[in-house]
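The values are calculated or read from the model by the stated rules, or taken from the named source; none is laboratory data. Computed from a predicted structure; not experimentally measured. As a convention, Cβ positions derive from the backbone with ideal geometry for all residues, glycine included, and neighbour counts pool all protein chains shown.
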Amino acid sequence: MLDSFPQRTYWPTINWQTRAPQAVGFQPDRFVSMQAYIDEYLPGLHALLIVRNGYLAFEHYYQGFHQNSLNSISSVTKSVISALIGIALAQGQLHSLDQHMLDFFPEIAEQEQDPRKQAITLRHLLSFQTGFTETYPHEFWRDIVHSSLRRPMVEQPGERFFYDNRSVDILSGILTQVTGMKAAAFADQTLFEILGIWRNEDTRFSWKHEETGPHMWHADALWDEQDGYPWKVSPQGTSTGSFGAHFTARDMAKLGFLYLNHGQWDGTQIIPQDYSAASTHKQSNGGPPVNANYGYLWWIEQVQGFQAFFASGFGGKYIYVIPELDLIVVTAASTEQAQKDREQHNKIRALIPDFILPALSSSTLG
């Protein structure tokens, strides 16, 4: 229910307030066995944060990482792009999710003869149901947006889900078309400033100087040498849509808190409430690589009877939200270790049903 959340007594724009685990319904002794599991099975974990009732109740860093460490959030970037599409709708720069993709690229539209591609909408891009081929274009990185748009079609839009990085790069290109700025700059002005993300002066160009390391930087694409945003760019200067943003773990939690509060932050409706709700509810059956239902660039599932939604990045980078429990779990993890241990993401995700939810008292679970 949209009216089921208590009025917040504060907002973590400047900083998260903390509470002892037992003050927000956890049995802290249960976290001892969780820590033992992490020590034995998760050498690649960098951060684990648990937010309950708006308060940071558990915050641990590993392998030398700390509060100011920036983490490549990998495909969690997709969920940031989803938020930016919602903001562009709120500002009138986009008018509807039923706008056609090719409307934003008239130079390609006038050459396109396939009616299936002409039918692709923003809604199809957001829910990964475009009908594009799953084959990557040859040397697509030379012009990511246009090569993605020129891919052949294999089926009608809306018929089938497939996890398509290139669809999110198209969405990033659309944001640039309608706002006149790269997605990172648009995010900084319309979202991150309000939430208090990237506000530390050392954050800009920190990827170059590493003044507050250690950090985890994404290895692909280019850095923003001009503006310095810790978000990778394509050779054409657009922000990469499918990956590339870098957040602290606390900032990852802020994005989860925004969606937990229906797109509203401290009295300001940043993302339209109906769009926020649609994004975090099932739009398709989803599929690999996470094998959960899918919304608009958010994954959807039930965990121990509770409805949950989450942003997922390679190797176990998660922003996991269970609205009914007023609960957010954030993890950041090593990409390098995930390449060695292909089960790292499953082991990290298992922390929620195996340790965190059992740590909640029975009276809390109701």
Within the range 68-116, considering residues that are in contact with a helix residue (DSSP H, G or I) (Cβ under 6 Å, 6 or more places away or on another chain) and among the polar types (S, T, N, Q), the one nearest to D188 (Cα to Cα): S82
Residue that is nearest to E210 (Cα to Cα) [pool: residues in the range 226-241 that are touching a residue at least 60 places away in the same chain (Cβ under 8 Å) and touching a strand residue (DSSP E or B) at 6+ places or on another chain (Cβ under 8 Å)]: P230
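Hey, could you check the range 208-218 for residues that are surrounded by fewer than 21 Cβ atoms within 10 Å (Cβ to Cβ) and in contact (Cβ under 8 Å) with a residue 40 or more places away in the chain and say which is farthest from N165 (Cα to Cα)?
T212
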Residue count for the range 113-140, restricted to those that are crowded, with 16+ Cβ neighbours inside 10 Å and either at pLDDT below 95 or of a type outside the set (G, A, S) (or both): 15
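Looking at the range 132-172 only, could you name the residues that are in a loop (DSSP other than H, G, I, E, B), in contact (Cβ under 8 Å) with a residue 40 or more places away in the chain and out of contact with any Lys or Arg (no Cβ under 7 Å at 6 or more places or on another chain)? Give the steps one after another, and end with the answer.
Step one: of the range 132-172, the residues in a loop (DSSP other than H, G, I, E, B) are 133-139, 150-152, 154-164.
Retained after the next criterion (residues that are in contact (Cβ under 8 Å) with a residue 40 or more places away in the chain): 150, 156-157, 161-163.
Of everything in the range 132-172, those that are in a loop (DSSP other than H, G, I, E, B), in contact (Cβ under 8 Å) with a residue 40 or more places away in the chain and out of contact with any Lys or Arg (no Cβ under 7 Å at 6 or more places or on another chain) turn out to be R150, F161, F162, Y163.
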Exclusive hit being within 19 Å of R166 (Cα to Cα), buried (at least 22 other Cβ atoms within 10 Å of the Cβ) and not hydrophobic (A, V, I, L, M, F, W, C), set G256, G241, G237: G241
Cβ pairs under 9 Å, 6+ apart, first in the range 314-326 and closer than 17 Å to A292 by Cβ, second among the aliphatic types (A, V, I, L, M) and in a loop (DSSP other than H, G, I, E, B): G316/L42; K317/I73; I319/I73; I322/L357
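Select from the range 221-247 the residues that are closer than 12 Å to D188 by Cβ and among the acidic types (D, E) and list them in ascending order.
The initial filter retains those residues of the range 221-247 that are closer than 12 Å to D188 by Cβ, namely 224, 227-231, 239, 245.
Within the range 221-247, D224, D227 meet the criteria.
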Count - residues of the range 193-208 that are over 15 Å from W231 (Cα atoms) and outside any loop (DSSP other than H, G, I, E, B): 3
From T13, T9, residue being touching a Gly at 6+ places or on another chain (Cβ under 6 Å) and surrounded by fewer than 20 Cβ atoms within 10 Å (Cβ to Cβ): T13
Single residue of N285, N291 found to be farther than 15 Å from G44 by Cα and in contact (Cβ under 8 Å) with a residue 40 or more places away in the chain: N285
Failed condition for I348, given (1) outside any helix (DSSP H, G or I); (2) surrounded by 21 or more Cβ atoms within 10 Å (Cβ to Cβ); (3) in contact (Cβ under 8 Å) with a residue 60 or more places away in the chain: (1)
